[in-house]
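S.K.: Structure below; questions to follow.
Only the coordinates and a few stated rules stand behind these numbers; no lab work does. Just so you know, these numbers come straight off a predicted model, no measurement behind them. Methodologically, a virtual Cβ is constructed for each residue, glycine included, from the backbone with ideal geometry; neighbour enumeration extends over all protein chains shown.
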Amino acid sequence: MDGVKPSVPLHYLDNNATTRVAPEVLEAMLPYLREHWGNPSSSYAFGHNLTQPLSEAREKAAALLNADPREIIFTSCGTESSNAAIHSTLATQPGKRHVVTTSVEHSANLKFCSSLQKQGCEITILPVDEDGALDLDRLEAAIRPDTALVSVMWANNETGVLFPIAEVAAICARKGALCHTDAVQAPSKLKIDVKELGVDFLSLSAHKFYAPKGIGVLYVKRHTKFESYLLGGSQELGRRAGTENVPYIIGCGRAAELALARLEEQNTRVRALRDKLEQGILTNIPGTTRNGPEEPRLPNTTNIAFEDIEAEGILLLLDRAGICASSGSACHAGSLDPSHVLTAMGLSAARARGSVRFSLGIYNTQEDVDYTLECLPDIVRKLRAV
Ligand SMILES: *Cc1c(COP(=O)(O)O)cnc(C)c1O
């Protein structure tokens, strides 16, 4: 189809940042941009006929999580889902003003928590060890009678390290605190079953699983009190105001179906590519170390420290070679802060600054990995020579 063919970078190894829109997802969306562009809340058929495809998309999103469609709220992104979950737990439990989270969460979580602190809430930020792991005894001890929420991510976007969310949720249930997990990195890589996990809230972002940016999901367990973050119309059963983003919700539904179908491929073919890339770097380039343990980890992610050089230099030269990767560190107003995740794992600022994340996806090929392994040794040699 003319004009809609996605233009993807040649060697895209940054799938934890965003993913290419799957052609199947785009195809599913197009009719809702071109022809069926009504407002589902309208009284005439051209609008309210959209409620059927919307509920089908909701069923697909629910199926990805083994949830009930009534437990699904469509949001604008992963950030909104997390913010809304945290907001709701405080709004519905006015006597509870304490939140427990971890030092390696996404800024969507950490920044929102620090804004709560300014409003008088108390936040406990749990540390991680050198493997990026949580101490569950410490987590349990941190939960108090006034703890409104424990918010712990499932899979870390920078290192791929997994937290034992089912165990975290069991501790929360035992101690009477609600539990939210940022599961943005899970779809298509991990089997998600909210009944097995036992969490009260779970956040997703569809652009991390081959749908476009601008659509997210918040799972809210049935019978959990919920207070809307966005106020206005009564969309999403009154839990998220704002006219439904119909084409993107349809795309999210299709992407959810694909994510289920691709679980196997991510855990076999993509995992093998990731392992080949990681082993290739660690054995062929001196002065390299993996950040974080081999397991438990996402099948697509590797984070590698390159001694004596800055990740920024590596990324620049990789970019010139047509390879996209990232450093996990955020560039704030020109000053380069080392990654808060790697720093929390006890890595020195120098090692954190020399670390690069490669995250693979279903559109990667053997050729992407071979080409990267071909380019990297020269890049590292060049940078170490200066
Ligand atoms: C990308 C990401 C987010 C933010 O999702 P957006 O849709 O970009 O707001 C949150 N958490 C994790 C772990 C992520 O990787």
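S.K.: Kindly state, to the nearest 0.05, the FRET efficiency for Tyr44 paired with Glu312, given R0 = 35 Å and r defined as their beta-carbon distance. Intermediate results must be reported in sequence, preceding the final value.
M.R.: Working: r = 55 Å, r/R0 = 1.58.
About 0.05, to the nearest 0.05.
S.K.: Starting from the Cα of Leu336, move 7 Å in the Cα-to-Cβ direction to define the label point; list residues of the range 294-320 whose amide nitrogen is under 19 Å from there.
M.R.: 303-320
S.K.: Under the rule of at least 5 residues apart or a separate chain, name every residue whose amide H is placed under 5 Å from the amide H of Thr124.
M.R.: Long-range HN contacts for Thr124: Val99, Val100, Thr101.
S.K.: Let me ask you something else. Nearest 5 percent is fine: what portion of the DSSP beta bridges confined to the chain is antiparallel? Write down the numbers at each step before the final one.
M.R.: On the way: 22 of 39 bridges.
Here the share of antiparallel DSSP bridges comes out near 55 percent.
S.K.: Rounded to the nearest 0.05, what FRET efficiency is calculated for Leu136 and Asn284 with R0 set to 45 Å and r the Cβ-Cβ distance?
M.R.: Values: r = 38 Å, r/R0 = 0.84.
So the FRET efficiency works out to roughly 0.75.
S.K.: Would you please state which residues of the range 80-106 a label at Leu231 would reach in this model, taking the label point 7 Å out along Cα→Cβ and a backbone N cut-off of under 17 Å?
M.R.: Residues 84-85, 87-94 fall inside that zone.
S.K.: On to the next question. For labels at Glu295 and Leu10 in the simple 7 Å Cα→Cβ model, what's the distance in nm?
M.R.: Label at Glu295, label at Leu10, 3.7 nm between them.
S.K.: For the range 23-261, what is the convex hull volume of its Cα atoms per residue in Å³? Kindly include the intermediate steps, with their values, before the conclusion.
M.R.: Values: hull volume 27.1 nm³, N = 239.
Hull volume normalised by residue count: 113 Å³.
S.K.: Hey, another quick one. Would you mind calculating the gained length between Trp37 and Ser115 on full extension (0.36 nm times residue separation, minus the Cα-Cα distance), in nm to one decimal?
M.R.: On the way: separation 78, 0.36 × 78 = 28.08 nm, distance 3.73 nm.
Separation in residues times 0.36 nm, less the Cα-Cα distance, equals 24.4 nm.
S.K.: While we're on this one: Once phi is turned into ³J(HN,Hα) by the Karplus curve 6.51 cos²θ - 1.76 cosθ + 1.60 with θ = phi - 60°, what whole-Hz value does each residue of the range 349-358 show in order, with x for glycine and proline?
M.R.: 4, 5, 5, 5, 5, x, 10, 10, 9, 10
S.K.: What distance in nm separates the two pseudo spin-label positions at Arg384 and Ala272, each 7 Å out from Cα along the beta-carbon direction?
M.R.: It is 3.1 nm.
S.K.: Output the direction-averaged projected area (hull surface divided by four) of the convex hull of the alpha-carbon atoms of the range 1-143, in nm². Write out the running numbers ahead of the final one.
M.R.: On the way: hull surface 54.8 nm².
Value for the range 1-143: 13.7 nm².
S.K.: Would you mind working out the magnitude of the charge dipole of the chain relative to its Cα centre, with +1 at each Lys and Arg C-beta and -1 at each Asp and Glu C-beta, to the nearest 20 Debye?
M.R.: Numbers: 39 positive and 46 negative charges, 149 e Å.
The dipole magnitude comes to about 720 debye.
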